[in-house]
Amino acid sequence: MRSEPLRVYCEQIDDQIVVHAVGEVDLTTAPLLDQALSQATAAPAARWVVVNLTKVDFFGAVGLTVLLTATSHGHATGVPVVVVTHPGQPAHRTITITELHHKLALINSRDHALSDSR
């Protein structure tokens, strides 16, 4: 079964921006996620950015670069970036195998991220 190409959309909830990714994050689709995260971390009204990767079917190494860049940019602008993914999901596996879970803020629930930010 083939996964769908990446679809990225943003949702603003109060002063949090949730960036949802659905499909595959690979070399050809990662720029879509990168652009959405760049805009989210630079948004004047943003206090938190939540990256929802729970609907990602494939998460390649280039996705790690996108997340690390967004985290760094968020740190520089004072907008923390939190990544939502569950153990066993493609993004979670890629992040933990590379031991980047020490550099990224991972949580299991988008709702948890939103409640923690308030």
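So for Ile97, Ile17, fewest C-beta neighbours within 10 Å to most, what's the order?
Fewest-to-most Cβ neighbours within 10 Å comes out as Ile97, Ile17.
Once you place label points 7 Å from the Cα toward the Cβ at Asp57 and Ile107, how far apart are they in nm?
Each label point lies 7 Å from its Cα, and together they span 2.8 nm.
In which sequence would Thr29, Thr98, Thr54, Thr85 go, from the one with the fewest C-beta neighbours within 10 Å to the one with the most?
Ordered by Cβ neighbours within 10 Å, fewest first: Thr98, Thr54, Thr29, Thr85.
Hey, what did the chain get for relative contact order, percent, Cα under 8 Å, at least 6 apart?
In percent, rounded to a whole number, it is 24.
Sequence-distant or interchain residues sharing an amide H contact under 5 Å with Leu106, placed H: which?
Here Val83 satisfy the definition.
Would you mind ranking Leu104, Leu67 so that the residue whose beta carbon has the fewest other beta carbons within 10 Å leads the list?
Leu104, Leu67
Can you give the FRET efficiency for Asp15 and Glu99, using 1/(1 + (r/R0)^6), R0 = 25 Å, r = Cβ-Cβ distance, to the nearest 0.05?
Once the sixth-power term is evaluated, E becomes 0.20.
Around Phe59, with a cut-off of 10 angstrom between Cβ atoms, what is the net charge of the other residues, counting Lys and Arg +1 and Asp and Glu -1?
Local net charge: -2.
So how far apart, in nm, are the two label points at Arg47 and Gln35 if each is 7 Å from Cα heading toward Cβ?
For the pair Arg47/Gln35, the computed spacing is 3.0 nm.
Glu4 label point, 7 Å along Cα→Cβ, cut-off 20 Å on backbone N: hits in region 73-89?
84-86, 89
Every number here is computed from the coordinates shown, using simple stated rules; none is lab data. It should be emphasised that the depicted structure is a prediction, and the values quoted were computed from it without experimental measurement. Cβ coordinates were reconstructed from backbone atoms using ideal geometry, including for glycine residues, and neighbour counts include every protein chain displayed.
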